[in-house]
Each structure stands twice: as C-alpha cells, then as structure tokens.
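For reference, the structure discussed in these notes is given below.
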Amino acid sequence: MTEVNRRDLLAGAAAFAGFATVGLLPGTAAAVTRQRPGASHGPALTTGDKAVVARVDARRALRHLRVLSDQIGWRIAGTDSEHRAAWYAQRVLRDLGYKVKLQPFPVPDKILAEMWGRDDAHWQAPGSLQGGTGRVRGDLVDLGDATTVTADLTGKIAVFTRVADKETDQAVAAAAKGAAAVLIVNVRSASFPERKAATFTPVLKQEVAIPVLGIAEYHGAEIRKGMRKLSLKATKHTNLTSYNVLAERKANLPNPEGKAVIISAHYDSVPGSPGGNDDGSGTALCLELARALRRLPIQQDLRIYLWGAEELGLVGSRHYVKGLDDAGVKAISGCFQNDMVATSHPPAGTYWLLSLDGKPNTTTTAIQGAAERLGYVDQTKGPVARGASDHQSFAERGIAAGNFSWRGGEAPSQLEPVYHTPEDTVRGNISLERLQVSLELIGCAAYEVARHR
C-alpha cells in the first residue's frame, strides 16, 4: 500500500466514523428507516442517505423561509430588499463554517412603487420607465378596459384593465384628463388561464409624466371591492448591483482533482411577490442542507450557491458561469438547482427532474437513485427538457445540471395558480411535507455525488 493510499484510508475511516454521532438527536437513527410520508414503499437507504435523512428538517428550513418571505418580503434584483436577503444568507452560511463571498454584478435600472390602501394593504408593483415618479394620493376611478377617457380625472388615480398593446393609449388618455397616476390591472394569459395574473412592467410607446404601474390581478380585485383612495410612491432605482452568494466547504477527504458539487437556488423575487415558493423555498432548502451537510465526510468540495437576479433572465448564474475558465467548468460534477420546491397546491403534485436537453446527467440520475432508495419514485418524473431556471446557465457550458421542483403532473409548464403573484406567501402556499421530500431527495442525491470522487 502506498503512503498516499494509506493516508486516504485513514482519513476516510476517521471521517466516516462521524456518521454515527455528528448532529444526531436521540431516536433519530431509528426514525430514518421508517417509511417516508407519501412514499410508495419503504426505504432502502445507504449509510450516506441515513446520515442526511437523520439531519434534514423542513421545520428548520421554514424558519429561513419566514425571514425571507414574511420579514424581508419583495426581493427585487439590485434593491435594498434583495441585499438584505443576501446579507442574511451570507451570515447564516458563515455561522455554519462555510467560506462565503458575495459576487457583485450590475442589473438594469427600474421604477418600483409601493402602494398603501385600506385595511393595512401594502403592495408593490413595477412602474413604466416611460412614466413618472413621485408621491401620489388620490381617489380611485375604475375605467375598466377603456382605451379612451372623457371624464375629468384631475388629481385622481385611474384604474384600467389591461388591453394588450393598448397600455400606451390608456396611460396617455388618463394623463390628458389630469390623472395623477395610472394603475393597469394585468389579465390572465390565454396559454395558462389557471394562473392568476402577476404584476408587469408597462412598456409605453411615448413618455408620460405620471406614474404608470402594472399591478397584479390580486391588486385589481382588492381595489374593486370598493377601495376609494390609494397612496403610492414611485421611485426610480439606478446604478444597481445584485449579488451571488457563494459559499464553499472544502472536501475533508482527498480530492486531488478539486471536484465540486453545487446545490443552488435563486433568492430574488418578482416585483409585488414575497416569493414564498418562488424561490424562498429553494433558498431555505439550500440553507438547511448547508447545515445538515456541514460536517459529513466528502470527497468533493460542497458549494452552496444562491443566485441574484434570476427573475431578470438568469443574470446572476450566467455572470458566475461566464467567469469560469475551462478548468473551473471541468471541476464541477453537477449543479442541483432548486426552484419552487414546496408548493402546497394540489395541481403541482409531481416532483420534476428537468434538464436543458431532456437527457439524463449526473444530477438527474442521482435524484432518480435517491427517489428509488427513499421510496419517492412514484412522485417523480423526468428527466424532461426544460430551461428557464439557473441550471440552464450551467448546461450551456456543458456542465451537468438539473432543475428540481414541484409542478403539475401532466407537464412541467403547469405551475401553481399563484405563481409570481402577491399571494405567493408562506401562509397557504407552503407544504412542509413537500419541502421535506425535496430536502431528502436533493440532500441524498447531492451527498451521494459529493462523497465519491
């Protein structure tokens, strides 16, 4: 036996001895062998699986999610709210012993407005960059789906139902009649009528001197219940910086090739949404797995990465991947991207394994193996071809990557009804059981990869 092999063996024996004692509560070891809630059959767990399942707890992850969604709320790329979320995650990961850095990158200017109404209503919506800013308080005038205005609107806030390609006509007509601001209520798409309409950024064909906001279906419904007055403040945000939160734990077993496994999620949300499931749930999952895996023996580096500005078009993850040289690309065994992993809505009851090309890779194969061992195989589907989340950034560089989330059983395009809306809250939209399943699947799969080289 060579001296190198002898050192490897001794290091491995010492590290794997930690399985039995590190971080386990009394009775936990026996509990991991029981059939999992919702599983089709009893578990057949490896030693590594048992170490993960004994440690992960959706209730702990929920604590992080409440901070992100309930306390911080809207986490819009480049704004103070997104920064607070980044600093929170950075602090949690550093306290767990990870080496953490914030990776900055620029994001576009934007106008965001906060609105205040009756019954403590406090909302957010994006404003048109062709519109104005400032504070407004006024009576609400509901004009339905009109595109012309005859009444005097001096000092009032005009409320329209969105008419495709007529947003400019609505805004210009209201401004010409003296309106102080315009609210355009979004409508559901013909492609996905089951989804409630989210906020949107009105793109106008000409400048308008007053704030023009694209509000969600939920906002419109609340206003039309009889709300008479509204206050708003529209602010232009410029020279914005978003951050990727990059945390790493080095392998504690020999890793001569410097291989690494990434567990990731995006922590930003769309305007107006507190991002409970999208993607506070994925972020909370990453933070809980960082805790559960922090002392387990690994032969590959473990990276917990949280992306900023995903909702702008995968901006954060693409910035990171663009900065990798060929050696950096080669070092990554796989990226396990978690996006919307805890919805409580019945239609989204299938856990999808999504790869950019629909073909199996290291991550999807590892999830399939974990699902079989845990008994969750009947709840999973895939791999199926789909991008539109941060795994795409890695796949485009030839890195094995998958996106994992709960979606409708017929197709991964079937998302929860409150996707991207103000109703994507922790209360009423988060399932602890599904979050626990997600934690176990990702935790066991990623650890299975990380503990081998």
Can you list the aspartates and glutamates whose alpha carbon is less than 15 Å from that of Lys177, not counting same-chain residues fewer than 8 positions off? Asp139, Asp142, Asp152, Asp169
Could you give each residue of segment 289-301 its phi-based ³J(HN,Hα) in whole Hz, using Karplus coefficients 6.51, -1.76, 1.60 with θ = phi - 60°, and x for Gly or Pro? 5, 4, 5, 5, 9, 5, 10, 6, x, 9, 10, 10, 4
Just the number, please: carbon plus sulfur as a percent of the accessible area of segment 259-404, 1.4 Å probe, no ligands or DNA/RNA counted. 50
Please list, in order along segment 314-328, the HN-Hα scalar couplings obtained from phi with the Karplus expression 6.51 cos²θ - 1.76 cosθ + 1.60 (θ = phi - 60°), rounded to whole Hz, x for Gly and Pro. 6, 5, x, 5, 5, 4, 5, 5, 4, x, 7, 7, 4, 5, x
Unit charges at the beta carbon, dipole of segment 180-339: most positive-side option, Ala180, Gly313, Leu293: Ala180
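Per-residue ellipticity at 222 nm for the chain, helices alone: DSSP H runs ≥ 4 residues times -39500 (n - 2.57), over residue total, nearest 500 deg cm²/dmol? Write out the running numbers ahead of the final one.
Values: 13 runs with 129 residues, N = 453.
It comes out at -8500 deg cm²/dmol, rounded to the nearest 500.
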What full-extension length gain, to one decimal in nm, is calculated for Lys236 and Ser189 as 0.36 nm per residue of separation minus the Cα-Cα distance? 14.1 nm
May I ask you to list the lysines whose Cα is less than 30 Å away from that of Lys50, ignoring any residue fewer than eight positions away on the same chain? Lys99, Lys250, Lys259, Lys330, Lys359, Lys381
For Tyr419 the rounded accessible area (nearest 10 Å², probe 1.4 Å, non-protein molecules ignored) is 50
For segment 340-350, take each phi angle, set θ = phi - 60°, evaluate the Karplus expression 6.51 cos²θ - 1.76 cosθ + 1.60, and give the result in whole Hz per residue in order, putting x for glycine and proline. 6, 10, 8, 4, 9, 6, x, x, 9, x, 10
Which value in nm describes the separation of the simple spin-label points at Gln71 and Ala221, placed 7 Å from the Cα toward the beta carbon? 3.0
Run through every distinct alpha carbon pair of the chain and return the Kirkwood hydrodynamic radius in angstroms, one decimal place. 23.1
Can you tell me the Rg and the Dmax, both Å, for the Cα atoms in segment 311-453? 15.1, 45
With a 1.4 Å probe and all protein chains kept in place, how do Asp80, Asp278 rank by accessible area, largest first? Asp80, Asp278
In Å², nearest 10: area of Thr150 left accessible to a 1.4 Å probe: 130
Quote to one decimal, in nm, the extra length available between Lys359 and Thr47 on full extension: 0.36 nm per residue of separation minus the C-alpha distance between them. 109.5 nm
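Could you give the length gained on full extension between Trp87 and Ala385, defined as 0.36 nm per residue of separation minus the Cα-Cα distance, in nm?
Working: separation 298, 0.36 × 298 = 107.28 nm, distance 3.39 nm.
Once the chain is fully extended between Trp87 and Ala385, it gains 103.9 nm.
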Longest principal axis of the chain (C-alpha) makes with the long axis of helix 167-176 (C-alpha) an angle, in degrees to the nearest 10, of 40
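Could you rank Arg55, Arg162, Arg228 by how accessible they are, 1.4 Å probe, largest area first? Present the calculation step by step, with values, prior to reporting the outcome.
Details: Arg55 15, Arg162 75, Arg228 195 Å².
If we order Arg55, Arg162, Arg228 from most to least accessible, we get Arg228, Arg162, Arg55.
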Given a Förster distance of 22 Å, the FRET efficiency implied by the Cβ-Cβ spacing of Lys322 and His452, rounded to the nearest 0.05, works out to 0.15
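By per-residue mean of other Cβ atoms within 10 Å, what is the highest-first order of 403-416, 113-126? Before the final figure, lay out each step's value.
Details: 403-416: 20.5, 113-126: 17.4.
Most protected by this proxy first, the peptides run 403-416, 113-126.
Give me the 1.4 Å probe accessible area per residue for the chain, excluding ligands and nucleic acids, in Å². Display every interim value, and only then the final one.
Details: 18430 Å² over 453 residues.
The answer is 41 Å² per residue.
Mean separation of Cα pairs under 8 Å and 6+ residues apart, divided by the residue count of segment 51-138: what relative contact order is that in percent? Could the numbers behind the result be given before it?
Values: 48 pairs, mean separation 13.0, N = 88.
Once divided by the residue count of segment 51-138, the mean separation gives 15 percent.
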Heads up, I need the accessible area for Lys166: 1.4 angstrom probe, whole protein in place, Å², nearest 10. 90
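The values are calculated or read from the model by the stated rules, or taken from the named source; none is laboratory data. Just so it is clear, the model here is predicted, and its values are computed rather than measured. Positions of Cβ are generated from backbone atoms using ideal geometry, with glycine treated the same way; all protein chains shown enter the neighbour counts. The protein model used for the area step is the full one, side chains on, heavy atoms only, and it has no ligands, DNA or RNA in it. Shrake-Rupley method; radii C 1.70, N 1.55, O 1.52, S 1.80 Å.
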